Amino acid sequence: MSFLVTGGAGYIGSHATRLFLSRGHDVVVYDNLSRGHEAAVPQGRLIVGELTDRQLLASTLREYDVEGVVHFAGLTYVGESVEDPALYYQTNVAGTLSLLDAVRAANVRRVVFSSTAAVYGMPDSCPIHEECSRSPINPYGRTKLMVEQILADYQTAYGIGFVALRYFNAAGADASGELGEDHAPETHLIPLVLQVALGQRKSIAVFGNDYDTPDGTCIRDYIHVNDLADAHLRALEWLEPGKAGAFNLGTGHGHSVREIIDVCRAVTGKEIPEVIRDRRPGDPARLVASSEAARRELGWKPRFTDIQEIVATAWNWHSKRPAGYRTSHSNASR
């Protein structure tokens with residue numbers, strides 16, 4: 001099959017692109033390189049463009065005879081979304097509408113959307129199932145939920161099949177060490193802890209140690225980036241025009257902030273000082289996925305279930321490339 005990957009120069013998008021190619025699919029990456037990395041895209045696969053450029057999108061879809069779109073492109077920082085919600089609604093919602101207009105014009109009938117566990121907000125049960133109430137508490141989560149609703153309406157009205165994949169905490173890197181996590185600024189826990197191990201930060205901040213959890217710190221579900229990539233491919237293969245679904249992606253096992261820091265110490269052999277800070281508003285004590293629906297419907301099963309192995313792949317990347325990709329460009333990509 002032939003796929004268009006928007007945001008394919010970003011963290012998850014670049015890993016998905018590599019997997020699709022390794023499985024014999026044809027891939028073209030569409031990215032504006034505002035927050036991603038040209039070096040993460042295989043040579044000859046990149047088209048630089050904006051989601052708002054419907055003409056370029058439609059011509060790209062037709063030229064490459066695209067059969068399915070994997071939509072990673074978007075902004076993903078919760079804090080930034082609170083400070084500048086207009087940017088998030090313009091990019092994540094209006095940008096997706098522009099993409100979908102091009103999809104309709106090119107008669108593409110399969111879309112896989114990069115959604116998020118943030119659509120659930122502050123869930124009142126754990127593990128989180130797809131049927132749980134979706135009440136996002138920040139503009140980032142609201143934009144992702146809006147796109148899910150738009151896709152459902154487009155499926156009903158225009159017959160465009162879609163899958164929304166709700167990630168929990170993406171982590172790790174490709175075993176080759178050629179692809180990894182390189183955000184500016186970095187907000188994810190594992191790379192932040194590894195930056196301390198590399199001497200790039202003095203300490204890691206622990207936001208709250210008085211939660212109702214075994215060690216008092218927040219618990220999250222960490223899913224390896226290659227397992228996320230595999231879920232996208234399975235979703236594309238599962239999709240048919242007019243079909244629709246939404247699936248959580250996680251391991252079903254939670255790890256506390258303190259546990260992650262201890263695992264990073266074990267993997268790196270570094271001391272990694274920590275500093276206790278006040279809780280951050282809106283941080284739930286536990287966020288753990290139930291991925292039974294993805295396992296049942298897509299035949300998906302995470303291969304990386306050992307948190308030490310996940311951290312080790314991240315350390316392999318960060319220790320080899322402590323400065324990341326070091327490109328002059330940097331995509332509205334996940």
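The values are calculated or read from the model by the stated rules, or taken from the named source; none is laboratory data. Being a predicted model, the structure only gives us computed values, none of them experimental. Neighbour counts are summed over all protein chains in view; Cβ atoms, including those assigned to glycine, are modelled from backbone coordinates with ideal geometry. To get the accessible areas, we keep the full protein, side chains included, count just its heavy atoms, and leave off ligands, DNA and RNA. Shrake-Rupley method; radii C 1.70, N 1.55, O 1.52, S 1.80 Å.
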Open item on the list: What percentages make up the Cα-Cα pair-distance distribution of region 57-114 when the bins are 5 Å wide from 0?
Closed with: 4, 19, 25, 20, 13, 10, 7, 2
Open item on the list: Given a 1.4 angstrom probe, I'd like the percentage of the accessible area of region 141-289 that is carbon and sulfur, rounded to a whole number.
Closed with: 47 percent
Open item on the list: Please give me, ordered by residue number, the trypsin sites (Lys or Arg not before Pro) of region 155-225 that lie in loop per DSSP and have at most 13 other Cβ atoms within 10 Å.
Closed with: K202
Open item on the list: Give me log10 I(q)/I(0) at q = 0.09, 0.10, 0.12, 0.22 Å⁻¹ for region 18-156, Debye formula, one equal scatterer per alpha-carbon, no solvent.
Closed with: -0.30, -0.38, -0.54, -1.39
Open item on the list: Between D215 and A184, what is the label-point separation in nm under the 7 Å Cα-to-beta-carbon projection?
Closed with: 3.2 nm
Task: T52 accessible area, 1.4 Å probe, all protein chains in place, Å² to nearest 10 - done: 100 Å²
Open item on the list: Report the Cα centroid-to-centroid distance between region 119-169 and region 232-267 in angstrom, as an integer.
Closed with: 15 Å
Task: Eligible lysines near K144 by straight Cα distance, threshold 26 Å, same-chain separation 8 or greater - done: K243, K301
Task: For the chain, calculated [θ]222 nm from helices alone, where every DSSP H run of n ≥ 4 adds -39500 (n - 2.57) - done: -10500 deg cm²/dmol
Open item on the list: Not counting ligands, DNA or RNA, and with a 1.4 Å probe, what is D230's accessible surface area in Å² rounded to the nearest 10?
Closed with: 20 Å²
Open item on the list: On a 1.4 Å probe surface of the protein chains, which of C126, C218 comes out largest in accessible area, and what is the full order?
Closed with: C126, C218
Task: Values of log10 I(q)/I(0), in the order q = 0.13, 0.21, 0.31 Å⁻¹, for region 85-133 under a Debye, Cα-only, solvent-free model - done: -0.49, -0.85, -1.11
Open item on the list: Going by amide H atoms built from the backbone, whose H comes under 5 Å of the H on T116, apart from near neighbours?
Closed with: Y167
Open item on the list: What would the Debye equation give as log₁₀ I(q)/I(0) for region 194-321 at q = 0.17, 0.19, 0.22 Å⁻¹, counting only Cα atoms as equal point scatterers?
Closed with: -0.97, -1.10, -1.25
- [ ] Could you rank K270, K320, K243 by how accessible they are, 1.4 Å probe, largest area first?
- [x] K320, K270, K243
Open item on the list: Only sites in a loop by DSSP and with at most 12 other Cβ atoms within 10 Å count here; which trypsin sites (Lys or Arg not before Pro) in region 1-52 make the cut?
Closed with: R23
Open item on the list: Would region 199-268 count as rounded, prolate or oblate if I go by the C-alpha gyration tensor, calling it rounded below 1.5 in a/c and otherwise prolate when a/b exceeds b/c, oblate otherwise?
Closed with: prolate
Open item on the list: From the protein chains alone at 1.4 Å, what is the descending order of accessible area for R286, R303, largest first?
Closed with: R303, R286
Task: Probe 1.4 Å - accessible area at I223, Å² to nearest ten - done: 0 Å²
TODO: For region 278-292, take each phi angle, set θ = phi - 60°, evaluate the Karplus expression 6.51 cos²θ - 1.76 cosθ + 1.60, and give the result in whole Hz per residue in order, putting x for glycine and proline.
DONE: 5, 4, 8, x, x, 8, x, 5, 9, 9, 10, 8, 9, 10, 4
